[in-house]
Amino acid sequence: MTQAAAHVLAAKLPAVQAMGGGGLGHWIVRLFVWHEMFRLFRYLWDIHTFGPFIVLLIIAVLIGLAIWRRQHGPFLRRRQAGSAGRGTGSGPHDW
């Protein structure tokens, strides 16, 4: 690739350029995870007897979990109790 072509490509993709190393790495990892999920779905879909039902069931469960999480918060939320003011907004503070 010539230097002029690289500049044209960089001008067309300012968001990728602005993401930096961490953002770009995160984006690549997400692409890899989605690619592997689609490979799994394709593999399951090829099971002739009940493959499409498994794939549709997995998709329905993922959608249901997303809705559940949006309504009820994170799944593994730690319960913070006590009167020391940690997480409750009331009580004396130790610092």
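Computed from the coordinates by the stated procedures, all read-outs in this text should not be read as laboratory data. Here the structure is a predicted model, which is why all the values come from computation and not from measurement. Note: ideal-geometry Cβ built from the backbone for every residue, glycine included; neighbour counts use all protein chains shown.
The table below gives the values:
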{"item": "Protection proxy ranking, peptides 65-72, 34-41, average beta carbon neighbours within 10 Å, highest first", "result": "34-41, 65-72"}
{"item": "Residue 24 paired with residue 36, simple spin-label distance in nm, labels 7 Å along Cα-to-beta-carbon", "result": "2.3"}
